[in-house]
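Q: Attaching a single structure in structure tokens format; questions to follow.
The values are calculated or read from the model by the stated rules, or taken from the named source; none is laboratory data. None of these values were measured; they are calculated from a predicted model. Note: ideal-geometry Cβ built from the backbone for every residue, glycine included; neighbour counts use all protein chains shown.
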Amino acid sequence: MKSIVIGVIGADVHAVGNKIIEYTLTNAGYNVVNIGVLSSQEDFIHAAIETNAPLILVSSLYGHGEIDCRGMRAKCVESGIGDVLLYVGGNIVVGKQDFAEVRERFLKMGFDRVYPPGTPIDEALADIRKDLGE
Amino acid sequence: MSDVARYLMIDFGSTFTKLVAVDREREDILATAMRPTTVTTDIRTGYRAALADLEERLGGPVAFDRIVACSSAAGGLKMAAIGLVEELTVEAAKRVCLGAGAKVDLVLSHHVTKAEVKKILDKKIDIVLLAGGADGGNTECALYNLKMLGEAGLRIPIVYAGNKDCQDDVLALFETYGLEGHVAENVMPRINQLNVKSARDAIRDIFLKRIIEAKGIKKIEDEIDEVVLPTPEAVLTACELLSKGYMNEPGMGELCVVDIGGATTDMYSVCHATKRSDVILRGLEEPYAKRTVEGDLGVRWSAPGIVQSLSEEELKMVLLDTGVDLKAEAEKRFADVSFLPLTPEDEYADRLLAEMCAYKAMSRHAGRMEEVFTPIGMAYNQTGKDLTDVRTVIGTGGPIIRSRFAREILAKTSAVFRGTQELRPARPDFYLDSEYILAAMGLFARIDPLSALRIMKKHMKPLQ
């Protein structure tokens, strides 16, 4: 069973979506490692190392996601899991910005998949299956 | 008097062998005695001397129903904790060792190097606890590390308590390298979940079957019934019993115990991580009965460690405020560890050093609270244990028990400075283990927990 680390990054306490993601991915047959709200980049990375997770799914709902996610790929590389898949989704930037541009910024930051506000988790699930070769 | 149930509890400490004779019927202590530990020559010499003192106090030889001992003699139980990530399996492994009453002399993470493996030998480690990976997670690291231990030809017991997925591979490696291996449950089966019991039991088992023999402690079993625990585990057992109570006999509630010694300062807390519903707990799960040990804080061997933990500026402040040159005083005590304070000045310097042990040890034991501003209001982010509501702080260990300033020393465990993030006991009452019986009662609790509890409650002396 493959492990997926999920959690809400930064000073963000939105817990509802986080539970829905846990529920959906668990039902889909993954070992979901939910580190919960108020999680730092290091919390995600450490959990991925210990659980040998090939994928980290970062949620951010309060608009500061861009600041919170900066440098995460570099830390993964330094921690020996440079090839881990990084997904991010939610209200990841402040205000109403053109999402194509937002996606581009996050891809440049080293994220593999970037989801706009209101994306159903099932949509991400299809990507997960594809990316994990299932 | 032969119908009276009498028990003898012995604590073979690093410095002193302490005897406590218990009368089970009266639920009280008959007598105590203390003599220097003689483990380097023959552990029985010190024991017999202490027993002679005890018998003199009791007015003649006594037939004890049972004689049991705990030991931290000959360096105690020295362990190396190996894990993967520092904050997770390394920390979990470390906590298991401490909960088992060990001294953690070496902490290693990720892939170990040859130099690190050599340290295991150099530091004369007794047992290695090898962890790494949550269940279903990383197995590569633990297997790599085990191979490194095998290649080095390690001849000491290894407890594997990592990811269960590779237990079979671990057993095969034990076989291949001829290692004395033991397998226990994972210390961290899931992220941030701590699983102490199985690994702790494995460690205790090895301690009893092997370590006490190797250290020349087992010889004593000709004269007593058995050595059953490492001393700190006996103290932890006593703390938990004294806190929780037993059946209808209430305990003292949540508590902390600080044990200051010449070489180390041990801190124990028995309470939940938090009682609040408005905080978010971060990090590895906290044990309900938790022990931490500070190897650099002690009033003799480790006195220089206290000085090192202070800045030049702080040392100058101490000199200015109190007239005590802490550095010189610490060096004096390190050079002569049997030093006893004779003048009021010496006594005052000892008090200052002990106060700093208490202050620093609590600073490292207690949790922290961070206030986080979020768009939906203030959130409280807690790591470690919240001790603010703990109302009972008990002092034990020679330097506190013998000091005239026990209360002042213990007061340094509470929230003395305002505005720090440390979750120290806010307004505790202070007690003294004046008869030095906590370890003995941890042992007696295995025979009769109710009496052990009542005796402890009777003898913890309130400090006004």
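Q: Of the residues that sit in the range B:41-86 and are touching a Gly at 6+ places or on another chain (Cβ under 8 Å) and of a type in the set (Val, Ile, Thr), which one is farthest from the other protein chains (Cβ to nearest Cβ)?
A: The residue in question is B:Ile43.
Q: Being touching a Leu at 6+ places or on another chain (Cβ under 7 Å), assigned to a loop (DSSP other than H, G, I, E, B) and more than 19 Å from B:Ile409 (Cα to Cα) is the filter here; which residues of the range B:277-301 pass it?
A: B:Leu284, B:Glu285, B:Pro287 - these are the residues of the range B:277-301 that are touching a Leu at 6+ places or on another chain (Cβ under 7 Å), assigned to a loop (DSSP other than H, G, I, E, B) and more than 19 Å from B:Ile409 (Cα to Cα).
Q: Can you confirm whether B:Ala406 is within 22 Å of the chain's Cα centre (by Cα) and either crowded, with 18+ Cβ neighbours inside 10 Å or among the small types (Gly, Ala, Ser) (or both)?
A: Answer is yes for this residue.
Q: Restricting to the range A:34-60, name every residue that is under 14 Å from the mean Cα position of the chain (by Cα), within 27 Å of B:Asp165 (Cα to Cα), within 8 Å of chain B (Cβ to nearest Cβ) and part of a loop (DSSP other than H, G, I, E, B).
A: A:Ile35, A:Gly36, A:Ala53
Q: Hey, another quick one. Any chance you could count how many residues in the range B:310-323 are crowded, with 16+ Cβ neighbours inside 10 Å and either in contact with a strand residue (DSSP E or B) (Cβ under 9 Å, 6 or more places away or on another chain) or assigned to a loop (DSSP other than H, G, I, E, B) (or both)?
A: 1
Q: Can you tell me how many residues in the range A:64-79 are buried (at least 20 other Cβ atoms within 10 Å of the Cβ) and either under 10 Å from A:Ile9 (Cβ atoms) or within 12 Å of chain B (Cβ to nearest Cβ) (or both)?
A: 4
Q: How do the pairs read when you match residues in the range B:96-112 that are within 14 Å of chain A (Cβ to nearest Cβ) with residues anywhere that are small (Gly, Ala, Ser), using Cβ under 8 Å and keeping only pairs 6 or more apart or on different chains?
A: B:Ser109/B:Gly83; B:His110/A:Gly80
Q: Would you pick out the residues in the range B:398-434 that are in a loop (DSSP other than H, G, I, E, B), modelled with pLDDT under 95 and touching a strand residue (DSSP E or B) at 6+ places or on another chain (Cβ under 6 Å)?
A: Once the filter is applied, which keeps residues that are in a loop (DSSP other than H, G, I, E, B), modelled with pLDDT under 95 and touching a strand residue (DSSP E or B) at 6+ places or on another chain (Cβ under 6 Å), the range B:398-434 yields only B:Gln421.
Q: So, in the range B:124-154, exactly how many residues are within 12 Å of another protein chain (Cβ to nearest Cβ) and surrounded by 24 or more Cβ atoms within 10 Å (Cβ to Cβ)?
A: Count: 8.
Q: Name the residue, out of B:Met267, B:Met247, that is under 26 Å from B:Leu450 (Cα atoms), crowded, with 18+ Cβ neighbours inside 10 Å, in contact (Cβ under 8 Å) with a residue 12 or more places away in the chain and more than 14 Å from chain A (Cβ to nearest Cβ).
A: Being under 26 Å from B:Leu450 (Cα atoms), crowded, with 18+ Cβ neighbours inside 10 Å, in contact (Cβ under 8 Å) with a residue 12 or more places away in the chain and more than 14 Å from chain A (Cβ to nearest Cβ) holds for just one of B:Met267, B:Met247, which is B:Met267.
Q: Would you confirm, using the coordinates I've provided, whether B:Ile400 is among the hydrophobic types (A, V, I, L, M, F, W, C) and surrounded by fewer than 22 Cβ atoms within 10 Å (Cβ to Cβ)?
A: no
Each row is one residue, and each column tells you yes or no for (1) away from chain B (no Cβ under 14 Å); (2) buried (at least 17 other Cβ atoms within 10 Å of the Cβ); (3) without any contact (Cβ under 8 Å) to a residue 40 or more places away in the chain; (4) part of a loop (DSSP other than H, G, I, E, B).
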position: A:Val8; (1), (2), (3), (4): no, yes, no, no
position: A:Asn18; (1), (2), (3), (4): no, yes, no, no
position: A:Leu25; (1), (2), (3), (4): yes, yes, no, no
position: A:Tyr62; (1), (2), (3), (4): no, yes, no, yes
